[in-house]
Amino acid sequence: MNENTVYQRYLAYLYNKKSKSQATTMAETSGEILYTSMSQLIPLMKIKDDDVVVDLGSGMGQVVLQLFLLTNAKEIIGIEIIPSQYELALLALSRCRKDLPALFADRQVTFLQGSFFYVPFTQANVIFLNSVCFTQEMLLKLVVLLNTMTNLRMVLSTRPLYGLKLRLKKITKIECSWDSALCYCYET
Ligand SMILES: C[S@@+](CC[C@H](N)C(=O)[O-])C[C@H]1O[C@@H](n2cnc3c(N)ncnc32)[C@H](O)[C@@H]1O
């Protein structure tokens, strides 16, 4: 069994008990990118040891933990607006820290609760956003925010980000828990 399959089974075990979404708007809708699709995207991210990766709208934190397990990025950050989803991410993180302490020796996973419009993440240089449920207004606001980040080298989004300063390099099909989607990969 290879490392990818081992971690896929481990995360399936970690997230066995899922919560009901307490979304208040369409954007705050829970839904996940499938492990296999994220595994497809990770090589496109070309993550290096000194990268800081952020998942904007991290839900229960599966993407963040998958990025932690399958890359060497020095820090992976997840920002989630729904408190109950954030709490589940913290729970999964504490179990992961207990199960695999050696992996946390010189690398970090951080979950932050709040809106990514208010929680700063300027230290990140690689950004992932499963943005299928984000409104056009949110996406436009995000583009303005991302365009101020001088160290940004890659953005992967499941909705196109019109006006983003990075160049669109690839569009790839992925599978999410509710349906297929496209992922738009932007690079410097
Ligand atoms: C489709 S889910 C993606 C979950 C995870 N990133 C994945 O791909 O599996 C989108 C998440 O974004 C969160 N969200 C929506 N608006 C947000 C905001 N302004 N700030 C932070 N999170 C937000 C939602 O609550 C939801 O958990």
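How many residues does the range 87-118 hold that are among the small types (Gly, Ala, Ser) and free of Cβ contacts under 8 Å to residues at least 24 places away in the same chain? Step through it out loud before you land on a result.
If we filter the range 87-118 for residues that are among the small types (Gly, Ala, Ser), which is where we start, we get 89, 92, 94, 102, 105, 114-115.
Next, only the ones that are free of Cβ contacts under 8 Å to residues at least 24 places away in the same chain stay: 94, 102, 105.
Qualifying residue count, the range 87-118: 3.
Is there a residue in the range 162-172 that is more than 21 Å from GLN66 (Cα to Cα), of a type in the set (A, V, I, L, M) and in contact with an Asp or Glu (Cβ under 7 Å, 6 or more places away or on another chain)?
Among the residues of the range 162-172, at least one is more than 21 Å from GLN66 (Cα to Cα), of a type in the set (A, V, I, L, M) and in contact with an Asp or Glu (Cβ under 7 Å, 6 or more places away or on another chain), which makes the answer yes.
Would you please list the contacts, defined by Cβ atoms under 6 Å and residues six or more apart or on different chains, that run from a residue in the range 18-43 that is closer than 14 Å to THR135 by Cα and of a type outside the set (Gly, Ala, Ser) to a residue that is within 9 Å of the ligand (Cβ to nearest atom) and at pLDDT below 65?
Within 6 Å, the pairs are THR29/ALA23.
Any residue that is within 17 Å of SER157 (Cα to Cα) and more than 9 Å from the ligand (Cβ to nearest atom) - is there at least one of those in the range 69-86? Walk me through it before giving the result.
Going residue by residue through the range 69-86, those that are within 17 Å of SER157 (Cα to Cα) are 76-80.
Filter once more, so that each one left must be more than 9 Å from the ligand (Cβ to nearest atom): 76-77.
Among the residues of the range 69-86, at least one is within 17 Å of SER157 (Cα to Cα) and more than 9 Å from the ligand (Cβ to nearest atom), which makes the answer yes.
Among the residues of the range 133-181, count how many are more than 24 Å from PRO43 (Cβ to Cβ), of a type in the set (Gly, Ala, Ser) and within 16 Å of the ligand (Cβ to nearest atom).
0
Taking into account only those residues within the range 1-34 that are within 27 Å of GLN136 (Cβ to Cβ) and in contact with a helix residue (DSSP H, G or I) (Cβ under 7 Å, 6 or more places away or on another chain), which is modelled with the highest pLDDT?
That would be ILE33.
What do you reckon, is SER37 near the ligand (Cβ under 10 Å from one of its atoms) and modelled with pLDDT under 95? Write out each step before concluding.
Values: near the ligand (Cβ under 10 Å from one of its atoms): yes; modelled with pLDDT under 95: yes.
For SER37, the condition - near the ligand (Cβ under 10 Å from one of its atoms) and modelled with pLDDT under 95 - is met.
Name the single residue, out of those in the range 88-132 being of a type in the set (D, E, K, R) and in contact with a Lys or Arg (Cβ under 9 Å, 6 or more places away or on another chain), that is nearest to the ligand (Cβ to nearest atom). Spell out the reasoning first.
Our first condition is that a residue be of a type in the set (D, E, K, R); within the range 88-132, this holds for 95, 97-99, 106-107.
Okay, now just the ones that are also in contact with a Lys or Arg (Cβ under 9 Å, 6 or more places away or on another chain), so 106-107.
Details: ASP106: 25, ARG107: 20 Å.
Per the stated criteria, the residue is ARG107.
The values are calculated or read from the model by the stated rules, or taken from the named source; none is laboratory data. These numbers come from a predicted model, not from an experiment. Neighbour counts run over all protein chains shown; Cβ positions are idealised from the backbone, glycine included.
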